[in-house]
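Inspection log for the structure reproduced underneath, given as structure tokens.
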Amino acid sequence: MIGGHYTYVRVPIGFWVQEMFNLGRNHYDRLGHFAQGFIPAILARELLLRRSPLVPGKWLFFIVVSICLAFSAFYELIEWWTAMVEGEAAEAFFGTQGDVWDTQWDMFLALIGSIAAQVLLSKSHDKALRIFKRPDIERDVTPHY
């Protein structure tokens with residue numbers, strides 16, 4: 001919502017970070033794309049654990065990352081379609097700021113966000129699932145690495 005209000009290029013905290021680290025551009029949109037991977041990762045993980053035969057392990061990790069990347073890629077397609085319709089007016093809103101690699105950076109940061117969420121939160125998520133086990137879920141969610 002903040003990026004939509006100011007446009008991603010003009011978000012004040014992005015200018016603060018730009019000046020603090022002597023960056024060539026406002027990187028606020030990069031934070032948003034990191035969050036685009038980080039935030040839905042545990043949600044996807046929980047849905048898969050509760051509604052599929054998957055258990056904690058490498059396949060779950062891979063599928064969660066893939067889901068987050070799919071959302072990121074779809075968002076980039078929406079940006080592209082909007083840019084095709086709106087033309088140059090879309091440039092300021094999306095925050096590419098002349099970066100030809102902006103789409104790739106955005107998806108890379110979603111990738112890093114989804115990996116970071118799982119690395120940092122999976123153990124506590126598994127513990128929470130064991131503690132707050134729902135009666136309609138009888139299967140074991142113990143990691144099978």
Give me the number: length gained by fully extending Val119 to Trp105, i.e. 0.36 nm times residue separation minus the C-alpha to C-alpha distance, one decimal in nm.
3.0 nm
Could you give the nm distance between label points at Phe132 and Ile112, where each point is 7 Å from its Cα heading toward the beta carbon?
3.0
What nm value, rounded to one decimal, do you get for the distance between Ala83 and Ile39 when each label is placed 7 Å out toward the C-beta?
2.2
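Determine the dipole magnitude for region 28-131: charges of +1 sit on the beta-carbon of Lys and Arg, -1 on that of Asp and Glu, nothing else is charged, the reference point is the Cα centre, and the result goes in debye to the nearest 20.
1120
Bear in mind these aren't lab numbers, they're just calculated from the coordinates by the rules spelled out. Only a predicted model underlies this, so the values are computations on that prediction, with no experimental measurement involved. Neighbour counts are summed over all protein chains in view; Cβ atoms, including those assigned to glycine, are modelled from backbone coordinates with ideal geometry.
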